[in-house]
1. List 75, 81 from most exposed to least, where exposure is judged by having the fewest other Cβ atoms within 10 Å.
2. Counting helices only, and only those DSSP H runs with n ≥ 4, report the 222 nm mean residue ellipticity of the chain as the sum of -39,500 (n - 2.57) divided by its residues, in deg cm²/dmol to the nearest 500.
3. How do 21, 58 line up, fewest other C-beta atoms within 10 Å first?
4. What is the dipole size for segment 4-76, taken about its Cα centre, with +1 at each Lys and Arg Cβ and -1 at each Asp and Glu Cβ, in debye to the nearest 20?
5. Considering the options 135, 121, 98, tell which one lies farthest towards the positive end of the dipole of the chain, charges being +1 on Lys and Arg and -1 on Asp and Glu at the Cβ, about the Cα centre.
6. Excluding same-chain residues fewer than 8 positions from residue 145, which aspartates and glutamates have a Cα within less than 19 Å of its Cα?
7. On a straight-distance basis, which lysines could pair with residue 112 in a cross-link, Cα separation under 16 angstrom, same-chain partners fewer than 8 positions away excluded?
8. For segment 1-110, which trypsin sites (Lys or Arg not before Pro) are in a loop by DSSP, counting at most 15 other Cβ atoms within 10 Å?
Amino acid sequence: MMNQTFRMAPLSQKAVLANWIIVSPVILLTFGLAGILIWFIQASQQLRFEVSDGHLQIYFPFYGRKMAKEELHRDQARIVDLQAEPALKPVFRTNGIGLIGFGAGWFRLKNKEKALAVYVSQQRAVYIPTRHDFVLLLCPQDPEKFLAELQK
């Protein structure tokens, strides 16, 4: 006996349209989120901190800001080792982005302080209390030079 193959009956146009309506937003959302993620990865490579005579400027999309030096408790700013002082580690991201080895945005530190943090997974960071209800936790490439410039 010879095998006979039968095709499935075609879907109605209405069913095809309904499937596309359901699947299209998922596809667009996936590509949109991938695009945003790629953009943040690229932006993290351009991140920088600028100390001028009167200001500290953080250059990063969404979370960058310019703060007058008078808004900072520069005399209390210090370089911290996050391994030695785990209370200063960001533990809860309230609004920000976290990638492997990188975080930026608003966080709660282990000691419950609110922090605008821009950090990499290295252990050393610059901890800067502000006159507002948050601290800054930044990871410049040369923390000693950054802190010296900030405290001038």
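1. 75, 81
2. It comes out at -9500 deg cm²/dmol, rounded to the nearest 500.
3. Numbers: 21 9, 58 18.
Ordered from fewest to most neighbouring Cβ atoms within 10 Å, 21, 58 come out as 21, 58.
4. Charge dipole of segment 4-76: 500 debye, to the nearest 20.
5. Of the candidates, 98 comes out farthest on the positive side.
6. 50, 53, 75, 81
7. Cα-Cα hits under 16 Å: 89.
8. On the way: sites: 7, 14, 48, 65, 66, 69, 74, 78, 93, 108, 110; in loops: 7, 110.
Filter output for segment 1-110: 7, 110.
Each reported figure results from applying straightforward, stated rules to the coordinates on display, with no laboratory input. Keep in mind that what you see is a predicted model, and the values were worked out from it rather than measured. Reconstructed Cβ throughout: ideal geometry from the backbone, glycine too, with neighbour counts over all protein chains shown.
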